[in-house]
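The values are calculated or read from the model by the stated rules, or taken from the named source; none is laboratory data. What you are looking at is a predicted structure, and each value in this text was computed from that prediction instead of being measured. A quick note on method: Cβ atoms are made from the backbone with ideal geometry, for glycine too, and the neighbour counts reach across all protein chains shown.
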């Protein structure tokens with residue numbers, strides 16, 4: 001790890017300090033590292049530089065919607081190589097929530113997520129996509145010392 005010196009205006013530093021407090025970071029360095037990682041991943045995605053990622057696809061749908069369950073099952077079977085696991089929850093008499101953990105190339109993962117969310121009968125959906133760096137697939141990580 002390298003040490004760098006960065007000059008920040010007082011308002012920006014105050015915002016970072018509030019983030020440190022709210023999220024319980026050990027200090028400013030961890031917060032700034034997380035913000036930098038997030039910003040770099042967003043910039044790479046916006047510029048079309050995608051690679052391997054993991055994602056959590058969460059969506060709520062009307063389980064009575066005509067053939068929706070069949071369409072969703074078909075989509076997941078067509079992209080079985082991306083799906084690690086799913087969780088299905090009955091929310092009430094008419095609504096179900098599913099959480100799918102996906103892993104693969106970001107373009108393919110985002111494409112599948114968008115297809116699921118766009119299905120008629122899916123009421124709400126969101127994908128949280130996390131780029132994988134070298135070593136992530138091997139279980140190595142250094143986030144917050146875990």
Completion exercise
How many residues of the stretch 51-83 are without any contact (Cβ under 8 Å) to a residue 24 or more places away in the chain and within 23 Å of the chain's Cα centre (by Cα)? The answer is 7
Problem - Filter pass, residue 114 being closer than 21 Å to residue 130 by Cα and either surrounded by fewer than 16 Cβ atoms within 10 Å (Cβ to Cβ) or not assigned by TED's automatic domain parsing to the domain that holds residue 56 (or both) - result: yes
Problem - Complete set of residues in the stretch 46-81 that are at pLDDT below 80 and surrounded by fewer than 17 Cβ atoms within 10 Å (Cβ to Cβ) - result: 46, 47, 48, 49
Completion exercise
Among the residues of the stretch 83-100, the number that are surrounded by 10 or more Cβ atoms within 10 Å (Cβ to Cβ) and closer than 17 Å to residue 73 by Cβ is 12
